[in-house]
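Heads up, the thing below is written out as structure tokens.
The values are calculated or read from the model by the stated rules, or taken from the named source; none is laboratory data. What you see is a predicted model, and the numbers here were worked out from it, not measured in a lab. Heads up, the Cβs are rebuilt from the backbone with ideal geometry, glycines too, and the neighbour counts pull from every protein chain shown. All accessible areas refer to the heavy atoms of the entire protein, side chains included, with ligands and DNA or RNA removed. Shrake-Rupley method; radii C 1.70, N 1.55, O 1.52, S 1.80 Å.
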Amino acid sequence: MNRYFSIFALLVCLPLCPLYAAAQTPNADANSNGSMALSPARFELEMKPGTETTVVINLDYRAPEGAKKEPTRIVATLNDWSLTRDGRVEFFRANYQPNSASPWLIYTPGEAAVMPGSMHQIRVTIAVPANATPGDHLAALIIEQRPENLKTEPNLRQMIIRYRMATVFYIKVPGLTKRGSFENLYAESTPDGIVVTPTLKNEGNSLVRPVSSVKVVNAEGSIVAEMADFESIPVLGGTELSRPVLLNQALAPGNYTVKYKVDFQDGSRATEGVTDLVVKPATRIAALGTVPAQKP
């Protein structure tokens, strides 16, 4: 009986991810393995209504070492995209989101055979309509590998690696506003460490990239855990972000204060949220056993 095992590797090159994504799988079909990368992974373009520009996306395909160099077919499609409240990337069909830039993008080629070891270019022309509204308009160009025909051989197990990558676009139409606000702060002690969850809001029409820092202070006022300035993922215009931050440190039982400072980089002053954290002693559960019956 022929048995085929297909694994589809979703390698999405987004602002939060490395520009180079590769998969290497032992015992895989050599012609289906290797690596692919897109660069750049992100375009942020400020464009006035009625203007047009063209950019180039570079696709680098590399065959696995020792494999026969044969072309692989790739196909490009447009999607809308957004971020969920907890910071996950979501994709939608083109022109689905109200702030979609997908109808503004024309790309070529839409499908091509890519040889390993050579750089393949995809040209994308962005034409902003004259009636475009101010704010960020988003789109993603998805590049994925066409599946090859499976070779039917008796008792063969195959692992097919397929790549699906994206370059995302922020088309910024002037009249941009950025209004970040700190809505809530929650902290808890877990077996993995201290989990701090801020809720950040952006009431503007253009993304903000907050720079944050966290401190945990004990009852005596000493800092017992902290995380220096770090840039979180963007808060898109008109959205909220509530993404946990982990401080990998155990605390002794007691009362603490958590301070989360954030600079939205929107022209306003940095703001700080404060919340209490109570770490309780670990509860020990006695083992239950059976008591031998006494002889009369």
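Leaving out ligands, DNA and RNA but keeping every protein chain, what accessible area does PHE230 have, in Å² rounded to the nearest 10, with a 1.4 Å probe?
Here the residue's solvent-accessible area equals roughly 40 Å².
Take every Cα pair under 8 Å in the range 175-245 that's 6+ residues apart, average their separations, divide by the length, and report that relative contact order as a whole percent.
The normalised contact order for the range 175-245 reaches 34 percent.
Which FRET efficiency value, to the nearest 0.05, do you get for ARG73 and ALA127 by plugging their Cβ-Cβ distance into 1/(1 + (r/R0)^6) with R0 = 30 Å?
0.60
With a cut-off of 11 Å, note down the residues of the range 82-111 whose backbone N falls inside the zone around a label point 7 Å from the Cα of SER242 toward its beta carbon.
From the range 82-111, the list is 85-86.
Describe numerically, in nm with one decimal, the distance between label points set 7 Å from Cα along Cα→Cβ at LYS48 and at GLU272.
Computed distance between label sites LYS48 and GLU272 equals 4.4 nm.
To the nearest 20 debye, what charge dipole does the range 165-247 have about its Cα centre, counting +1 at the Cβ of each Lys and Arg and -1 at the Cβ of each Asp and Glu?
With only Lys, Arg, Asp and Glu charged at Cβ, the dipole is about 460 debye.
When the chain is fully extended, how far beyond the present Cα-Cα distance does THR190 get from VAL211, taking 0.36 nm per residue of separation?
Result: 5.1 nm gained on full extension.
Quick one: how many Å² of TYR260 are accessible to a 1.4 Å probe, rounded to 10?
Its accessible surface works out to 0 Å², give or take rounding.
Roughly what would the spin-label model give for ALA250 and THR199, points 7 Å off Cα along C-beta, in nm?
3.3 nm
Which residues' amide hydrogens lie under 5 Å from the amide hydrogen of GLY87, considering only partners 5 or more residues apart or on another chain, with H built in the peptide plane?
Under 5 Å from the amide H of GLY87: SER242.
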